[in-house]
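The values are calculated or read from the model by the stated rules, or taken from the named source; none is laboratory data. Quick caveat, the model's predicted, so the values are computed rather than measured. Here Cβ is always computed from backbone atoms with ideal geometry, including for glycine, and neighbour counts include all displayed protein chains. The protein model used for the area step is the full one, side chains on, heavy atoms only, and it has no ligands, DNA or RNA in it. Shrake-Rupley method; radii C 1.70, N 1.55, O 1.52, S 1.80 Å.
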Amino acid sequence: MNDKKKIYCLSLQGGGILGILQAIIIQEIEKITDMRAWELFDLLAGTSTGSLIIAGLTLNKNFGKENVIPPLSGADLVELYRKESKNIFKEYPLIKIRTLGYTLAQKYLDKDINGVIDNYFYNYKYGRSYQKSLITSVDFSNVKLKVFKSWEADDGNYKVSDILKSSPKASYYFNPNNFQELNGNGIPTGKWLNLSDGGFSVNNPSMCVLSETNHLFPNDEIHIFSIGCADKREGYSYNKMKKWNTAQLGMNLPNMFIGAQESATEYMVKSFIGDRYKSIKFPIPSHLQALDGKDNIEELIVIAEQWIENNQEYLKSICEELVENCQKR
């Protein structure tokens, strides 16, 4: 008989605008269970657009001792994508001309995405999150993975808004975020972090989840529910690639290495926990896979709703599993 406690973790991958698909699935899970995501999962993890969703689902907006204001719901986050996508990915014709079609600078202005982040996440402390969460980023000052963990004293002192100005900001769209490292007392260490999108290192944060749960819950049975984006990425033939110049290779590299590392992560996680790793991805046509495709929102919503309709029993079984585990806590 297996007496191990079951630990359920939510892992959200990067994908820009495609994150609305993840938000819709979470909205449906919360609707079926009549519970919030932070109540259903023991640890929530996100990369890039997934980090914005995770931060919202666990956000503690209460400055006092009483937790009277709940975090954002899946429905709130769906509305965020619908309302704010055009504000985040706002184009300026003069900038496009001056930068030769964005080849000389980032495509979008930091002030636009930062303004949206400040509006929703203000200066709330990460360490006060409703549930344990981790958010991935890459520190280009030493070219290493940076994982923010809400339960650790050093990371807990950061503002959620500062972390989110780092993780969901691919450097081919936005500039990195530069701010000072803090110690466990919230005091700057004098070291400056140069942070960018976590997708450069771990677009699927499930391996980070597995690593952290090994320390947090060493004697328990780990289950990971991962929500990705596109189930298939655009492939490249030999005849097509051999004609590329350096600029063409650079334009396609993000899609190439992100897709490869996602499959590598799934391979490794499954080798450790087998069918306790469950993953959802969506059949997204290639013309809707743009990370900044702000005009694709309504079509993406239809894809997510169709997936739910076609997979109702599967989703209900996951929800039943989550609720049953909550009742045993």
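Skip the ligands, DNA and RNA, and give the accessible area per residue of the chain with a 1.4 Å probe, whole Å². Before the final figure, lay out each step's value.
On the way: 15730 Å² over 329 residues.
Per-residue value: 48 Å².
The helix-only estimate of mean residue ellipticity at 222 nm for the chain, built from DSSP H runs of length n ≥ 4 each weighted as -39500 (n - 2.57), is -13500 deg cm²/dmol after division by the residue total. Only protein heavy atoms count here; on that basis, with a 1.4 Å probe, Ile95 has an accessible area of about 30 Å². Along region 241-246 the Karplus relation, 6.51 cos²θ - 1.76 cosθ + 1.60 evaluated at θ = phi - 60°, assigns HN-Hα couplings of 5, 5, 8, 5, 9, 4 Hz to successive residues, with x for each Gly and Pro.
Which value, in nm² and rounded to one decimal, describes the direction-averaged projected area of the C-alpha convex hull of region 58-199? Write down the numbers at each step before the final one.
On the way: hull surface 38.2 nm².
If I average the Cα hull's projected area over directions, I get 9.5 nm².
Applying 1/(1 + (r/R0)^6) with R0 = 41 Å to the Cβ-Cβ distance of Tyr236 and Asp295 gives a FRET efficiency near 0.95. Applying 1/(1 + (r/R0)^6) with r as the Cβ-Cβ distance of Lys83 and Lys316 and R0 = 35 angstrom yields a FRET efficiency of 0.75. Between Gly228, Gly199, Gly50, the residue with the greatest mean-square fluctuation in the GNM of the chain (Cα pairs under 10 Å linked by springs) is Gly228. Computed from the alpha carbon positions, the gyration tensor of region 245-328 leads to an equivalent ellipsoid with semi-axes of 31, 21, 9 Å, biggest first. Across Lys242, Lys159, Lys281, mean-square fluctuation computed from a Gaussian network of the chain (C-alpha pairs under 10 Å connected) peaks at Lys242.
At 0.36 nm per residue, and after removing the present C-alpha to C-alpha distance, how many nm does the segment from Arg128 to His287 gain when stretched out fully? Don't skip to the end; give the middle numbers.
Numbers: separation 159, 0.36 × 159 = 57.24 nm, distance 3.99 nm.
Net length gain for the segment: 53.2 nm.
Close amide H contacts of Phe179 (hydrogens built in the peptide plane, cut-off under 5 Å, sequence separation of 5 or more or a different chain): Leu193, Leu195. Per-residue accessible area (protein heavy atoms, 1.4 Å probe) orders Arg128, Arg36, Arg82 as Arg82, Arg128, Arg36, starting from the largest. Leaving out ligands, DNA and RNA, what percent of the accessible area of region 147-195 is carbon and sulfur, probe 1.4 Å? Carbon and sulfur: 43 percent of the exposed surface of region 147-195. In the context of the full protein assembly, Phe272 retains an accessible surface of approximately 140 Å², using a probe radius of 1.4 Å and ignoring ligands and nucleic acids.
Leaving ligands, DNA and RNA out of it, rank Ser133, Ser271 by accessible area with a 1.4 Å probe, largest first.
Putting Ser133, Ser271 in descending order of accessible area: Ser271, Ser133.
Each of Glu298, Glu152 has its accessible area taken with a 1.4 Å probe; listed largest first, they run Glu298, Glu152. Annotation: extensible slack from Lys5 through Gln180 equals 59.1 nm (criterion: 0.36 nm per residue apart, minus Cα-Cα distance).
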